[in-house]
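Below: the structure, in structure tokens.
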Amino acid sequence: MAILIDKNTRLITQGITGKAGLFHSQKCRDYGTHVVGGVTPKKGGTTVDGFAVFNTVREAREATGANATMIFVPAPFAADAILEAADAGIELIVAITEGIPVMDMLRVHHALQGRPNILIGPNCPGVTTADVCKIGIAPGPIHKKGKIGIVSRSGTLTYEAVHQTTLLGLGQTTAVGIGGDPVHGLSHLDVVKMFNEDPETEGIVLIGEIGGSDEEAAAAYIKEFVKKPVAGFIAGASAPKGKRMGHAGAIVDGNAGTAQSKKAAMAEAGIFVAETAAEIGRKMVEAMAARR
Amino acid sequence: MKLHEYQGKALLRKAGLPVPRSAVIFTPAETAQALQALGGEKGVAKAQAFTGGRGKAGGIKLFSNAAEAAEAAQKLIGMTLVTHQTGPEGVKIEAVLFEEQSQVARELYFAVTLDRAKANIVFILSPEGGMDIEEIAEKTPEKILKLWPAWGQGPDAALIEQAAKFLGLSDAQTTQFADIARKLYNLYVTTDCAMLEINPLAVDQGGNLILLDCKVILDENALYRQKDTGGDPDAEKDPGEIEAAKYGLSYIKLDGNIGCMVNGAGLAMATMDIIAHYGEQPANFLDVGGSASEEAVTKAFEIITADKNVKTLLVNIFGGIMPCDRIARGIVNAVNNLGLKVPLVVRLEGTNVEEGKAVIAASGLNLISADDLEDAARKAAQAVAKAKG
């Protein structure tokens, strides 16, 4: 089962002829993902390392039956690439690109309201269903098929949690990096709900960082509805204040947004909170033992 | 990127919003010219600095003739302004805004910003402007109203009515407010703002609304298409941060002794956290990003080690986009060029980890290798403790 992607996922890459786009298309293919082609405007009809290249997402979908895309298009054009994929009927859109203007993402967010497409990211590492399908830039070999669902804003902390759960023998169902931008697709809460309903997922790792209130929303849901064991971590307890947020931003978030408030919300929800990123895996083991 | 008040007001004026007449100067010699532009010799001189509390700190001076104006310019330009927000080191004043003085009857607060949770633009309003809004939010939250204009449409009549009632505006003022609200909303969207704060939005003695002070922050990701604001993206960065940015590195200098080179903002923060957990402090935040070149890695090494407080280096890489061998080659180059004066703890994991470890092994460098994050943090903390004696 797992969530979001499986053996039936047929992936295209938008920006496949770029260096990063091609490299990670190859890595995804090596992992076992059905990478069925890619899109680069004006390069349609060519191939690159065996991948068929199309001018538009619609052409690619019609020719290949693609149902997922990963986007490596440069930031100024990435929002339009997301919308193009949505308009072409691609079900799952994974936007890897970082540095997309917030206003562009607001436009995307509102354009996708009420539509069936699922967006992950931007500024995210992607999603991996262990030993079956990988979309994005996560290193494949650290994953191992198992029973933990992982959701994280940070890419490298996703890898950290994946690696630790692999070493501890728990393995993963699916690991989802939702991205660190203020306006993004799937939230912690959305992914937690999916893991909660997935029969193969026996435990959940929830990783967040300072800013916003995504983690608090997920914690509130977990407290009420999730019976599966959950381990959590928040990065940024030692980060200096005021490096990113203005005054009104702090008000919008009320008292939420600090590492302390997020950890408190997690603990309050019965989540096993790791003190350091090195003990995420161990906390998951503890949480699972406690539920037995 | 923050804009100075005078840059923000230029945007407001261009958008057709009511702001006081003003002129900016960068040297006292420009005073006479500025007064001419002002059309009078009475007004207020405001030091341009990225801080609140300028008035209390002596950064705002009234003048009622040319001599007083010249004196204010002389005093303010080049002064170091210390406010409750700047810390004891203060900020150096390089520009002064001369402005006609408004006769203020009431002060309101109006900010436009992003509400992350709602993924929408939010208006934040208060009838108690002129003060620190965080203080109002804490002490009298009932005096703050948040409203969310429909995306793509901006504030509609119902929203304006609700806001006007809350702010206690007359019918005539409501008409003015509607115009201001729509223009601010449009300005926020078209100039890629992250924050557009008008504090105070004043009601003058004649009963008219006027935007007296503003704080404008632009989205750093959108600067490529917002080039006409006059803002300086490097204004508040230290030289190391500016140098780092040229190489696509995200660097923030801190006060501790363990220099950090990490990939990914989340892991970089988590690395700082775990250093603190083991009783030491990070000397910096440094995210080498996903696509840094070997050259950038070398540069990162150079920037971190230029900090005299650094007693130990900790490299923590979990390669995704970034292959470990590239990091390893960058480090080896850096050590060969710059030498290594402090212990270097290296932890590599992820994409091309074996190739990365091979590069380091082949270099023959005397590094402390770590198995995982915990091991790395512990070894770095031990090395620092030893270096400190």
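The values are calculated or read from the model by the stated rules, or taken from the named source; none is laboratory data. Note that the structure is a prediction, hence the values are computed from the model and not measured. Cβ coordinates were reconstructed from backbone atoms using ideal geometry, including for glycine residues, and neighbour counts include every protein chain displayed. Accessible surface is based on the protein model in full, side chains and every heavy atom, while ligands, DNA and RNA are left aside. Shrake-Rupley method; radii C 1.70, N 1.55, O 1.52, S 1.80 Å.
Numbers below:
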{"read-out": "Condition met for A:HIS109 (of a type outside the set (A, V, I, L, M, F, W, C), touching a residue at least 60 places away in the same chain (Cβ under 8 Å), within 14 Å of chain B (Cβ to nearest Cβ) and on the phi < 0 side of the Ramachandran plot)", "value": "yes"}
{"read-out": "Sole residue being farther than 20 Å from B:HIS4 by Cβ, over 21 Å from the mean Cα position of the chain (by Cα) and within 14 Å of chain A (Cβ to nearest Cβ), chosen from B:ILE136, B:ILE121", "value": "B:ILE136"}
{"read-out": "The range B:287-299 residues that are closer than 17 Å to B:ILE242 by Cβ, paired with ones that are modelled with pLDDT of 85 or more and in a helix (DSSP H, G or I) (beta carbon under 6 Å, 6 or more apart)", "value": "B:ASP287/B:ALA265; B:ASP287/B:ALA268; B:VAL288/B:ALA300"}
{"read-out": "Single unsatisfied condition, B:ILE274 versus (1) open to solvent by 20 Å² or more (accessible area, probe 1.4 Å); (2) out of contact with any strand residue (DSSP E or B) (no Cβ under 8 Å at 6 or more places or on another chain); (3) within 25 Å of A:THR276 (Cβ to Cβ)", "value": "(1)"}
{"read-out": "Close pairs from the range B:235-246: first touching a residue at least 12 places away in the same chain (Cβ under 8 Å), partner assigned to a helix (DSSP H, G or I), Cβ under 8 Å, at least 6 apart", "value": "B:GLY240/B:ILE303; B:GLU243/B:LYS299; B:GLU243/B:ILE303; B:ALA244/B:LYS299; B:ALA244/B:ALA300; B:ALA244/B:ILE303"}
{"read-out": "Single residue of the range A:142-156 satisfying the filter (under 15 Å from A:GLU209 (Cβ atoms) and among the small types (Gly, Ala, Ser)) that is nearest to the other protein chains (Cβ to nearest Cβ)", "value": "A:SER154"}
{"read-out": "Among the candidates B:GLY87, B:GLY129, B:GLY53, residue that is surrounded by 19 or more Cβ atoms within 10 Å (Cβ to Cβ), in a loop (DSSP other than H, G, I, E, B) and within 14 Å of another protein chain (Cβ to nearest Cβ)", "value": "B:GLY129"}
{"read-out": "Residue tally, condition among the basic types (Lys, Arg) and modelled with pLDDT of 90 or more, over the range B:333-389", "value": "4"}
{"read-out": "Strands (runs of 3 or more DSSP E) (entirely within the range A:118-185) containing at least 2 residues that are open to solvent by 10 Å² or more (accessible area, probe 1.4 Å)", "value": "A:118-120, A:145-152"}
{"read-out": "Qualifying positions in the range B:73-84 - free of Cβ contacts under 8 Å to residues at least 24 places away in the same chain and either open to solvent by less than 30 Å² (accessible area, probe 1.4 Å) or in a loop (DSSP other than H, G, I, E, B) (or both)", "value": "B:GLY78"}
{"read-out": "Lone qualifier among B:LYS253, B:LYS299 - being of a type in the set (Lys, Arg), more than 21 Å from A:ALA259 (Cα to Cα) and either at the interface with chain A (Cβ under 9 Å from one of its Cβ atoms) or in contact with a helix residue (DSSP H, G or I) (Cβ under 9 Å, 6 or more places away or on another chain) (or both)", "value": "B:LYS299"}
{"read-out": "Residue satisfying all of: in the range B:194-206; closer than 20 Å to B:GLN153 by Cα and open to solvent by less than 10 Å² (accessible area, probe 1.4 Å); farthest from the other protein chains (Cβ to nearest Cβ) among these", "value": "B:LEU196"}
{"read-out": "Members of the range A:78-110 found to be over 22 Å from B:ILE121 (Cα atoms), open to solvent by 30 Å² or more (accessible area, probe 1.4 Å) and assigned to a helix (DSSP H, G or I), listed by number", "value": "A:GLU84, A:ASP87"}
{"read-out": "So B:LEU76, is it in contact with a His (Cβ under 9 Å, 6 or more places away or on another chain), hydrophobic (A, V, I, L, M, F, W, C) and more than 14 Å from every other protein chain (Cβ to nearest Cβ)", "value": "no"}
{"read-out": "Selection count, the range B:90-125, where residues are part of a loop (DSSP other than H, G, I, E, B) and touching a strand residue (DSSP E or B) at 6+ places or on another chain (Cβ under 8 Å)", "value": "7"}
{"read-out": "Among residues of the range A:1-38, those that are in a strand (DSSP E or B) and either open to solvent by less than 10 Å² (accessible area, probe 1.4 Å) or among the acidic types (Asp, Glu) (or both), counted", "value": "6"}
{"read-out": "Scan of the range B:139-150 for residues that are more than 8 Å from every other protein chain (Cβ to nearest Cβ) and either open to solvent by 70 Å² or more (accessible area, probe 1.4 Å) or part of a strand (DSSP E or B) (or both), ordered by number", "value": "B:LYS139, B:PRO141, B:GLU142, B:LEU145, B:LEU147, B:TRP148, B:ALA150"}
{"read-out": "Residue list for the range B:101-118, restricted to those being among the charged types (D, E, K, R) and within 7 Å of chain A (Cβ to nearest Cβ)", "value": "B:ASP115, B:ARG116"}
{"read-out": "Single unsatisfied condition, B:ILE317 versus (1) within 25 Å of the chain's Cα centre (by Cα); (2) within 11 Å of chain A (Cβ to nearest Cβ); (3) of a type in the set (A, V, I, L, M, F, W, C); (4) under 21 Å from B:LYS357 (Cα atoms)", "value": "(1)"}
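One line per residue, one yes/no per condition, for (1) under 22 Å from B:ILE121 (Cα atoms); (2) at pLDDT below 90; (3) facing another protein chain (nearest Cβ under 9 Å); (4) part of a helix (DSSP H, G or I):
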residue	(1), (2), (3), (4)
A:LYS241	no, yes, no, no
A:ALA250	yes, yes, yes, yes
A:ARG282	no, no, no, yes
A:MET288	no, no, no, yes
